[in-house]
1. Give all pairs with beta carbons closer than 8 Å in which a residue from segment 109-128 that is under 12 Å from Val7 (Cβ atoms) meets a residue that is of a type in the set (Asp, Glu) and not in a loop (DSSP other than H, G, I, E, B); count only pairs at least 6 apart in sequence or on separate chains.
2. Going by what's in this entry, would Ala19 be described as assigned to a helix (DSSP H, G or I) and in contact with a Leu (Cβ under 6 Å, 6 or more places away or on another chain)?
3. Does Ala148 satisfy being touching a Gly at 6+ places or on another chain (Cβ under 7 Å), small (Gly, Ala, Ser) and more than 22 Å from Val43 (Cβ to Cβ)?
4. Search segment 93-108 for residues being part of a helix (DSSP H, G or I) and free of Cβ contacts under 8 Å to residues at least 40 places away in the same chain, and hand back the single one that is surrounded by the fewest Cβ atoms within 10 Å (Cβ to Cβ).
5. For segment 142-174, which residues satisfy the criterion of being within 21 Å of Lys3 (Cα to Cα), assigned to a loop (DSSP other than H, G, I, E, B) and either touching a strand residue (DSSP E or B) at 6+ places or on another chain (Cβ under 8 Å) or of a type in the set (S, T, N, Q) (or both)?
6. Determine, yes or no, whether Asp134 is of a type in the set (Asp, Glu) and without any contact (Cβ under 8 Å) to a residue 40 or more places away in the chain.
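Please treat every number below as a calculation from the coordinates, not as lab data. For clarity, every value in this text was computed on a predicted model and none was experimentally measured. Note that each Cβ is placed from the backbone with ideal geometry, even for glycine, and that neighbours are counted across all protein chains shown.
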Amino acid sequence: MKKKVIVFNGPPGSGKDYAVRAVGATCTKAGLVCAHNKIIQPVKEAVHKLFGMTHGPDRYDVDLYRAEKEQPLEKLFGLSPRQAYIWMSNDVLKPTFGDDVLGLMAANVMKGQHADVHAFSDGGFLDEWLPITDLVGPANVLFIEIHATRDGKALDYNGDSRSYIGDSLVLARPAVTLRKIHNEFGDNNDRELFRGMVIGVANKFLGLD
């Protein structure tokens, strides 16, 4: 099977990690190996090592500590972890190595992974996705934009340097499959509805429906 890439593009808190877990479950059920990849992971690890942070970046993926990602830290000279990640990406790595550096790094990681499906829970810069798309071929990329609402208010990219890029990616690589889905945060029925939409779109792309 040709490597497949499924990318979730949405604002912070829109359900990207939850969506990746849903894809992982449907892949496992079908006997496929799914790797959960994060294009920003090398950036986060670099920040934590540079500033001597005693915990890893995965701490902020846990609900109990998620809010800490937005809080200024003395160890980061007054930046929040999110701001420090953005600084490392936009002011250090990209000016030095080019706007596609994170995509190239992620592509190298993928080459060493024995996985049928690579599910990314982050995506927000076009230049980062071109190397990954070209590695597997545009026809093997499913790009899912998550448009989410919480308490009646649409989540957005305010304070984040990323954005929705699905239309731009398809314009650059027309064979990419683009889907836009909605996540309404509410009761468990809404959660299951969102999970069902994710699995339905993923299964169709992977030929599992």
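1. Ser121/Asp17
2. no
3. Here the answer is yes, as Ala148 does meet what is asked.
4. Taking the candidates together, the pick is Thr96.
5. Passing the criteria: only Arg173.
6. So Asp134 fits the description; yes.
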